[in-house]
1. Could you say whether any residue in segment 62-75 is more than 23 Å from Ile27 (Cα to Cα) and open to solvent by 40 Å² or more (accessible area, probe 1.4 Å)?
2. Quickly run through segment 110-121 and pick out the residues that are touching a Pro at 6+ places or on another chain (Cβ under 9 Å), open to solvent by 40 Å² or more (accessible area, probe 1.4 Å) and modelled with pLDDT of 90 or more.
3. Scan segment 1-49 for residues that are open to solvent by less than 100 Å² (accessible area, probe 1.4 Å), more than 30 Å from Trp155 (Cα to Cα) and modelled with pLDDT of 50 or more and jot them down.
4. Going through segment 50-60 one residue at a time, which ones are open to solvent by less than 50 Å² (accessible area, probe 1.4 Å) and either at positive phi or of a type in the set (A, V, I, L, M, F, W, C) (or both)?
5. When segment 137-154 is examined, which residues are found to be part of a strand (DSSP E or B), over 15 Å from Ala218 (Cα atoms) and at pLDDT below 95?
6. Could you figure out which of (1) surrounded by fewer than 16 Cβ atoms within 10 Å (Cβ to Cβ); (2) over 30 Å from Phe91 (Cα atoms) isn't true of Cys150?
7. Would you check which residues across segment 155-170 are open to solvent by less than 20 Å² (accessible area, probe 1.4 Å), part of a strand (DSSP E or B) and farther than 16 Å from Thr194 by Cβ and list them?
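The values are calculated or read from the model by the stated rules, or taken from the named source; none is laboratory data. All of these numbers come straight from a predicted model, not from anything done at the bench. A quick note on method: Cβ atoms are made from the backbone with ideal geometry, for glycine too, and the neighbour counts reach across all protein chains shown. Only protein heavy atoms, including side chains, enter the accessible area calculation; ligands, DNA and RNA are left aside. Shrake-Rupley method; radii C 1.70, N 1.55, O 1.52, S 1.80 Å.
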Amino acid sequence: MERFQKLILLPLILTTLLPGLGFCYSIINGPTNATVLAGSEARFNCTVSVGWVILIWLSNGNPVLTVLSSQGAVETSDRFTSQNYTSSNGFTSELIIHNTQLSDSGKIECSTQQPSESRFAFLSVQVNGSLFIKNSTLTIKENETVEIVCEALGWAPAPDITWMTNDSFIDKSRYVTQQSQGSNGLHNALSILTLTPMDTEILTCLADIEALPNPQNATVTVIFLNSTIGSTYQNEIRKVSAEKKKNGDSENRQRHGSENQGYIPEERWNTEQSPRITSLPPMSSKFTVPTADLHTSSVPKVRPQRRTDYLINPKKIRNVTLV
């Protein structure tokens, strides 16, 4: 508090003393206008001739920094600092405003506390708000008219809205932009573009203020779908679905194995294909010893003939192959 009081009293004291002491110096170059984004720095220069004694910086009429030739800068706030440069032609004081705020906008003045020795400039602090289009992609049919809404919120001042399609500016007669007052001195804007596309387009909404090096933008892709393309598209969808079903059936067959139409069970094949053997007459279980007066002859043993009744046309064999 004491430091601030000294800053206020010092110019008043020097104002009464300097004319009587015969000091005569002037401002060679005063500050120039500046436009910055909120949160950034703003810089102003003031150059005075040789022999200067005091230089005071004021923001909207309030002193924020004093520079004395004998002492240097007297700073009362971290937001207002200075850098000094001395040359053979005079002395230059650079006022630096840190973390600029919307309330800093206004008149910035450089004064030497002499009659008619004051120069001023204007500071404009601007706010870069948000910009968006609700839908990033739209699909429309032939002869369909669509409205695309671009909204800018929390700007200062209200931004200038323009539209582009495929890198070409759209005529302003095709869209309407409305501005409204927001909170805390900020502004909003709403732009509605009406069009009937004949082809797929990339639309860009641009919002611009002086402090921005490049406009902020939001884009939307409008996909145009005419009747021919729609029919072809549906046909392609059906083909893809049919192909997927076919592939699914093939996978099921591979999973469960392919059926070999020539397969016949092994047990059944053995039964049907085995040679048919003629049954023999039953053999007696009794054995008799011949008497001495009986004549016995040696008769060669007759072996039963094996009948091989193979089928002339055997049935097909079925095999199962598992994959």
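1. There is no residue in segment 62-75 that is more than 23 Å from Ile27 (Cα to Cα) and open to solvent by 40 Å² or more (accessible area, probe 1.4 Å).
2. The answer is Arg119, Phe120.
3. Phe23, Tyr25, Ser26, Ile27, Ile28, Asn29, Gly30, Cys46, Thr47, Val48, Ser49
4. Gly51, Trp52, Val53, Ile54, Leu55, Ile56, Trp57, Leu58
5. Let us first name the residues in segment 137-154 that are part of a strand (DSSP E or B), namely 137-141, 146-154.
When the remaining residues are screened for being over 15 Å from Ala218 (Cα atoms), the result is 139-141, 146-147, 154.
Thr139, Ile140, Lys141, Val146, Glu147 - these are the residues of segment 137-154 that are part of a strand (DSSP E or B), over 15 Å from Ala218 (Cα atoms) and at pLDDT below 95.
6. It is condition (1) that Cys150 fails.
7. Trp155, Ala156 - these are the residues of segment 155-170 that are open to solvent by less than 20 Å² (accessible area, probe 1.4 Å), part of a strand (DSSP E or B) and farther than 16 Å from Thr194 by Cβ.
Quick grid of which residues meet (1) touching a helix residue (DSSP H, G or I) at 6+ places or on another chain (Cβ under 7 Å); (2) part of a strand (DSSP E or B); (3) open to solvent by less than 80 Å² (accessible area, probe 1.4 Å); (4) closer than 19 Å to Gln126 by Cβ:
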position	(1), (2), (3), (4)
Ser173	no, no, no, no
Pro213	no, no, no, yes
Thr219	no, yes, yes, no
Phe224	no, yes, yes, no
